[in-house]
Amino acid sequence: MMTYFKEILVGFWSLLMGMAVTIRYFTKPIVTVQYPREKIEMTPRYRGYPQLIIDPETHTHRCIACEMCSRICPSQLITVEGTKFPGEKQKRATKYVHEHYYCSLCGLCTEVCPTTALEYSAEYRLAGFHRADAVIDHLTLLQQRQKTASLPVTPVPTDADIAAAVAAEAAAKEAKAAAAAAKKPAPGAEVKE
Amino acid sequence: MEQVGQLLGSDVVRILAGLIGVIALVAVNALFLIWMERKVSAHMQLRPGPMEVGWHGAIQTIADAVKLMGKELITPEEVDRPIFYLAPIVVFLPVLLCFLVIPFSQTMIVRDMNVGIVLILAFSTLTVLAILMGGWASNNKYAVFGAIRSVAQNIAYEIPLLVTVMSIILMVGSFKLTDIVAAQSRCWFILMQPLAFILFIICATAETNRTPFDLPEAESELVAGFHTEYSGMRFALFFLAEYTNMFIVSAVATVLFLGGWHGPILPGVVWFLIKVYAVIFLIMWFRWTFPRVRFDQLVTFAWKILIPLSFANLLLTALLLKIF
């Protein structure tokens, strides 16, 4: 008889304990993130698509258009073009397009970069309506990021700029060659003599 | 003018107004309860629940109801047609009838019958008949299993339910719901009869086929139990009846144990509804806490624990009433 009542009381107590657990959870804040409306901070080691690093000193990118990344990329999805602008020592990227729909996020591009110009972004919301939505133009993206960080925006060189730079460089080369020729007589002439 | 006044005071107008009010209440209550259930379950699992349609998903249920109305009413080949068609109506009618005697406040009651509580208990039992009809007529083994379980469940909870209610009726000396509420103007019966309240809530959960006693529709074992073969609005009627049944048993619990419309400041109707929805929240709380019991566990529990305890409670009540 005693065990009968004891069993009832113990059982009833266990039911109350269970209800205490659920009501505690009922009052806790919810953990679900409302996906398109809310955004969460990703951890620093999150591997999103690669993006250009904003250099803390020059406030612009460090890409020298060496095309190492586009060459090592197993999916060959990176298109880099660059030109040497007058008055600069190295080439500078004029176009950097990343077709993200082919990307396997292997990270070889960021590892191979000689100037460490690439990093992983923390962006995880990559859904789009068209294939074109997954094509990332890094120079425009860089401008947007500079704007949000209220830094001076790096202009994307237009076709006219590039043509002018190419022409200027060609002219400089020609001038250099001409100068060299003037300084030193052609080797053929000496042989003839 | 005199005639209009007579007409307004007449029974016909009262019944008509009451019926319209009851049907409106049934619909609104079901819409609200389904939303509430989804919200309660979501928050207990740290989810937000429906959020898209309306403020915090408030009109999600209306969207769902519109979808259900647009669905095809499928009648499988081998069903017992007349019974199959009748079952959703049979499950819904007693639910409407029970509303007629529920006292929302001192005056807000369609018909104050002197056998109110008996009427509610009698008609709410008809739900089991409807479930048996639906399950049997479906000619589907899962549906039949659900129906059989419902009947077995009925013999388990019905006796302790009636005996528990008897102990309250002994104290009041009347079957009239308004009398029962009036008797609690000083002290709610939950304070005098806590054991009876617990027993009643357990039986009420079983009566409304809610988890942990949702054996007839056990979706993890029986697909959807007795309403497996029902679709569209026929299924919606079963659903509506389930949620309205929840309202009715909570209203009865409020009348019997929680002092009905009694409460300070606010009008009686508001107090009544607050108490009813508090009891409903308790039942939902059970659902998201306890796992489903097995059929034999329920019957053992009812016959070995609920029935002896309810009889002991009744005897004790009778003794104390005789002494004092």
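In the stretch B:234-291, which residue that is among the hydroxyl-bearing types (Ser, Thr, Tyr) and under 22 Å from B:Met44 (Cβ atoms) is surrounded by the fewest Cβ atoms within 10 Å (Cβ to Cβ)?
B:Tyr277
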Number of positions in the stretch B:35-58 that are more than 22 Å from A:Thr22 (Cα to Cα) and touching a residue at least 12 places away in the same chain (Cβ under 8 Å): 2
When the stretch B:110-148 is checked residue by residue, the ones that are touching a Phe, Trp or Tyr at 6+ places or on another chain (Cβ under 7 Å), in a helix (DSSP H, G or I) and not small (Gly, Ala, Ser) are B:Ile117, B:Val118, B:Ile131, B:Val144
Out of (1) at pLDDT 85 or above; (2) over 24 Å from B:Ile305 (Cα atoms), the odd one out for B:Glu219 is which? (1)
Within the stretch B:219-231, the residues that are surrounded by fewer than 21 Cβ atoms within 10 Å (Cβ to Cβ) and either under 13 Å from B:Phe286 (Cα atoms) or in contact with a helix residue (DSSP H, G or I) (Cβ under 6 Å, 6 or more places away or on another chain) (or both) are B:Val223
B:Ser185 passes all but one of (1) out of contact with any Ser or Thr (no Cβ under 7 Å at 6 or more places or on another chain); (2) more than 17 Å from B:Gly259 (Cβ to Cβ); (3) among the hydroxyl-bearing types (Ser, Thr, Tyr); which number fails? (2)
Quick check, is B:Tyr230 over 20 Å from the mean Cα position of the chain (by Cα) and either more than 14 Å from chain A (Cβ to nearest Cβ) or part of a helix (DSSP H, G or I) (or both)? yes
Lone unmet requirement of (1) part of a loop (DSSP other than H, G, I, E, B); (2) closer than 21 Å to A:Cys69 by Cα; (3) more than 11 Å from the chain's Cα centre (by Cα) for A:Leu126: (2)
For residues that are assigned to a loop (DSSP other than H, G, I, E, B) and surrounded by fewer than 18 Cβ atoms within 10 Å (Cβ to Cβ), tally how many sit in the stretch B:177-188. 4
Would the stretch A:5-22 turn up any residue that is facing chain B (nearest Cβ under 10 Å), of a type in the set (Lys, Arg) and either more than 30 Å from A:Ser121 (Cα to Cα) or surrounded by fewer than 12 Cβ atoms within 10 Å (Cβ to Cβ) (or both)? no
If you go through A:His61, A:His130, the only one that is surrounded by 18 or more Cβ atoms within 10 Å (Cβ to Cβ) and of a type outside the set (A, V, I, L, M, F, W, C) is A:His61
Can you tell me which residue within the stretch B:28-70, out of those that are assigned to a loop (DSSP other than H, G, I, E, B), away from chain A (no Cβ under 14 Å) and of a type in the set (Gly, Ala, Ser), is surrounded by the fewest Cβ atoms within 10 Å (Cβ to Cβ)? B:Gly70
Please state which one of A:Glu119, A:Glu88 is modelled with pLDDT under 80 and closer than 15 Å to A:His61 by Cα. A:Glu88
Across (1) over 28 Å from B:Pro48 (Cα atoms); (2) within 10 Å of another protein chain (Cβ to nearest Cβ); (3) not aromatic (Phe, Trp, Tyr), A:Thr27 clears everything bar (1)
What tally of residues in the stretch B:73-124 results from selecting those that are surrounded by 15 or more Cβ atoms within 10 Å (Cβ to Cβ), out of contact with any Pro (no Cβ under 9 Å at 6 or more places or on another chain), of a type in the set (Val, Ile, Thr) and closer than 16 Å to B:Leu256 by Cβ? 5
From the list B:Leu170, B:Leu191, B:Leu162, B:Leu215, which residue is buried (at least 18 other Cβ atoms within 10 Å of the Cβ) and among the aliphatic types (A, V, I, L, M)? B:Leu215
B:Ala241 being in contact with a Phe, Trp or Tyr (Cβ under 6 Å, 6 or more places away or on another chain) and either modelled with pLDDT under 90 or over 26 Å from B:Phe213 (Cβ atoms) (or both): yes
So B:Val66, is it modelled with pLDDT of 85 or more and either aliphatic (A, V, I, L, M) or more than 23 Å from B:Tyr243 (Cα to Cα) (or both): yes
Please go through the stretch B:71-109 and give me each residue that is more than 17 Å from B:Ala130 (Cα to Cα) and not in a loop (DSSP other than H, G, I, E, B), ordered by number. B:Phe99
Criterion violated by A:Arg37 - all others in (1) touching a Lys or Arg at 6+ places or on another chain (Cβ under 6 Å); (2) of a type in the set (D, E, K, R); (3) within 13 Å of chain B (Cβ to nearest Cβ) satisfied: (1)
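The values are calculated or read from the model by the stated rules, or taken from the named source; none is laboratory data. In this text the structure is predicted, and so the values were computed from the model without any measurement. Heads up, the Cβs are rebuilt from the backbone with ideal geometry, glycines too, and the neighbour counts pull from every protein chain shown.
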